[in-house]
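Enquirer: First, the structure itself, so that you have it in front of you.
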Amino acid sequence: MSNKNEIKILVLSLLLTTGLAGGGIWWFIHSSGFNVGSNTTSNPTNISNKSISERISFGDKSLTPGEISSAKKDGIQASANKSYDKAIADFTTSLKLKPNDPEALIYLNNAHIGLERSYTIVASVPIGTDSNAALEILRGIAQAQNEINIAGGIKGVLLKVGIANDDDNPEISQQIAANLVKNSEVLGVVGPNTSDATLAAGAVYTSGELVAISPTSTSVKLSNFSPYVLRTVPSDFMAARTLANYMVKTLQKKKAVVFFNSQSNYSQSLKSEFVSSLALEGGQISSEVDLSQGNFSAAKSVERAIQEGAEVLMLAANTETLDKTLQVVQVNQKRLTLLGGDDVYSLKTLEIGREQATGMVVAVPWHIDGETKSDFPQKSRKLWSGDVSWRTALAYDATKAFMAALEINPTRSGIQQALVSSDFAAIGASGAIRFLQSGDRNAPVQLVKIVPGNRSRTGYDFEPIRDKLK
């Protein structure tokens, strides 16, 4: 393919992005569970200059970007003034105007607690740099908090939730971890989001003996990393194994090129695990393409893959390299079969990939239409007025795990011991929650395929492939 054609495809991609973002897709972005992939910041200096106290809130400030309603502003001010009855009324009004706002629901629950005794956990999420992923995670935490508090709490004690904006920045995540470790009221942390941030902050949580459960960090480096760092999401080993098995056994294809970002722990992990898993299945990798290289060319990479006799393009990209990955999807023109990791599960993939992405198979930890035994999909749809993503489901599970541990022993050491005990069990959105001694959760992975559809309002949807890896 010529450079001129590649430039045309890039321009088309930009037009698609801006056109869709300005139209009817707005509702879906704000009511669904997709990650739009906007996790970069235009002003890192300003972000790093924020004090840690400005990044943490229990209801006295809004951390989410954009304009907020006057009712929510009034509720935040009332919370800051400890006028909790007014805060309850204001946050209730705010949620009627915007029912899918997890920050407002968390603050409402906190206002109901007021100055009463409570158990406290904190969400460490990338609000400033990947607000959509942060909101997805917060929805899971807020739903679990709301359910337990409506039911009377944990043995009569309500659950309070704080929100910390870590920007997916390892250094900031460490500073937030240090702040939370010093706060004796904090009994657990849900997060961080990325593997890099979790590995960095995890060292601080370990030294402070404070448990952190990440719902989204999948790097294999987190296995056996620390008895205080757990996760409800399956590791990249499970996703890679599932994709390799599907490629060889179902698709009957054996030769792949893998695209990855060498600067990302997650992407490196998924790539390495896929290479190993494919070899075990009798397949092979013809080449590896680093998306972070300055001379990367989507067109040249795809043409080279075809010349090498590759049958499959495995997209092990992270969110920062999703745009380059979608260039690959476009220039491929459906010539080679496409596979992808969970960061490719994005509204942006549907927007930009469109017809060229149909048939792509992506490994995700959970899909709302792939879960038939749980009542979580119905409850979440009712609460948030739309579908939720795997990030919401697994953040819900992380919060439910903390609740079960708090019921056993509501101290930091008691929570850690309860969670890693062989007889620990809790029920979450995606079934039973149990942790291995490695800190991993032994859970299946759901494969989804991009098909024509209208639920996402892009003309395309992710649809579950019914058979999960056993």
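Enquirer: What number of residues within the stretch 40-75 satisfy the criterion of being modelled with pLDDT under 60 and surrounded by 13 or more Cβ atoms within 10 Å (Cβ to Cβ)?
Expert: 5
Enquirer: Another question, then. Can you tell me how many residues within the stretch 113-124 are open to solvent by 10 Å² or more (accessible area, probe 1.4 Å) and touching a strand residue (DSSP E or B) at 6+ places or on another chain (Cβ under 8 Å)?
Expert: Qualifying residue count, the stretch 113-124: 4.
Enquirer: Next question, about the same structure. When you go through 85, 74 one by one, which is the residue that is among the acidic types (Asp, Glu), in a helix (DSSP H, G or I) and touching an Asp or Glu at 6+ places or on another chain (Cβ under 8 Å)? First the steps, then the outcome.
Expert: Values: 85 fails: touching an Asp or Glu at 6+ places or on another chain (Cβ under 8 Å).
Matching residue, one of 85, 74: 74.
Each row is one residue, and each column tells you yes or no for (1) over 20 Å from residue 463 (Cα atoms); (2) among the small types (Gly, Ala, Ser); (3) modelled with pLDDT of 95 or more.
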position: 310; (1), (2), (3): yes, yes, yes
position: 329; (1), (2), (3): no, no, yes
position: 373; (1), (2), (3): no, no, no
position: 387; (1), (2), (3): no, no, no
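Enquirer: Given the criteria among the small types (Gly, Ala, Ser), closer than 20 Å to residue 251 by Cα and touching a residue at least 24 places away in the same chain (Cβ under 8 Å), does residue 299 qualify? Full working, then the answer.
Expert: Details: among the small types (Gly, Ala, Ser): yes; closer than 20 Å to residue 251 by Cα: no; touching a residue at least 24 places away in the same chain (Cβ under 8 Å): yes.
So residue 299 fails the test.
Enquirer: Is there a residue being crowded, with 19+ Cβ neighbours inside 10 Å, among the hydroxyl-bearing types (Ser, Thr, Tyr) and farther than 21 Å from residue 388 by Cα anywhere in the stretch 89-112?
Expert: Checked against the condition, which is being crowded, with 19+ Cβ neighbours inside 10 Å, among the hydroxyl-bearing types (Ser, Thr, Tyr) and farther than 21 Å from residue 388 by Cα, the stretch 89-112 yields no hits at all.
Enquirer: I need a count of the residues in the stretch 426-470 that are aliphatic (A, V, I, L, M) and not in a loop (DSSP other than H, G, I, E, B).
Expert: Qualifying residue count for the region: 8.
Enquirer: Residue pairs, Cβ under 8 Å, 6 or more apart or interchain, first in the stretch 418-432 and in contact (Cβ under 8 Å) with a residue 12 or more places away in the chain and farther than 9 Å from residue 405 by Cα, second open to solvent by 10 Å² or more (accessible area, probe 1.4 Å) and of a type in the set (Asp, Glu). List them.
Expert: Pairs found: 429/371; 430/371.
Enquirer: Quick one: which strands (runs of 3 or more DSSP E) lie wholly within the stretch 198-286 and hold at least 1 residues that are over 30 Å from residue 403 (Cα atoms), touching a residue at least 40 places away in the same chain (Cβ under 8 Å) and over 17 Å from the mean Cα position of the chain (by Cα)? I'd like the intermediate steps shown before the answer.
Expert: On the way: elements: 212-214, 229-231, 255-260.
In the stretch 198-286, the matching strands (runs of 3 or more DSSP E) lie at 255-260.
Enquirer: Taking the stretch 179-192 as the search range and keeping residues that are free of Cβ contacts under 8 Å to residues at least 40 places away in the same chain and in a helix (DSSP H, G or I), which one is least open to solvent (accessible area, probe 1.4 Å)?
Expert: Result: 181.
Enquirer: Of all residues being open to solvent by less than 20 Å² (accessible area, probe 1.4 Å) and at pLDDT 95 or above in the stretch 441-461, which is farthest from residue 404 (Cα to Cα)? Just the residue, please.
Expert: The residue in question is 450.
Enquirer: If you don't mind, there's one more thing I want to ask. So is residue 127 more than 16 Å from the chain's Cα centre (by Cα) and open to solvent by less than 20 Å² (accessible area, probe 1.4 Å) or not?
Expert: no
Enquirer: Give me the pairs: first residue in the stretch 114-142 and closer than 15 Å to residue 162 by Cβ, second residue at pLDDT below 95 and part of a loop (DSSP other than H, G, I, E, B), beta-carbon distance under 7 Å, and six or more apart or on different chains, which are they?
Expert: 127/64
Enquirer: Would the stretch 86-93 turn up any residue that is at pLDDT 95 or above, under 28 Å from residue 174 (Cβ atoms), in contact with a helix residue (DSSP H, G or I) (Cβ under 7 Å, 6 or more places away or on another chain) and among the acidic types (Asp, Glu)?
Expert: no
Enquirer: What number goes with the only condition from (1) at pLDDT 50 or above; (2) among the acidic types (Asp, Glu); (3) farther than 28 Å from residue 120 by Cβ that residue 6 does not pass?
Expert: (1)
Enquirer: I'd like the full set of residues that are assigned to a helix (DSSP H, G or I) and crowded, with 24+ Cβ neighbours inside 10 Å, limited to the stretch 136-164. Break it down stepwise before answering.
Expert: Here is the first cut: in the stretch 136-164, the ones assigned to a helix (DSSP H, G or I) are 136-150.
Passing the criteria: 136, 137, 138, 139, 140, 141, 142, 143, 144, 145.
Enquirer: While we're on this one: Counting just the residues of the stretch 220-232 that are among the hydroxyl-bearing types (Ser, Thr, Tyr) and within 14 Å of residue 191 (Cα to Cα), which one comes out least open to solvent (accessible area, probe 1.4 Å)?
Expert: 232
The values are calculated or read from the model by the stated rules, or taken from the named source; none is laboratory data. On a predicted model such as this, the values are computed, not experimentally measured, just so you know. Virtual Cβ from ideal backbone geometry, glycine too; neighbours counted across all protein chains shown. Note: areas computed on protein heavy atoms with side chains; ligands, DNA, RNA excluded. Shrake-Rupley method; radii C 1.70, N 1.55, O 1.52, S 1.80 Å.
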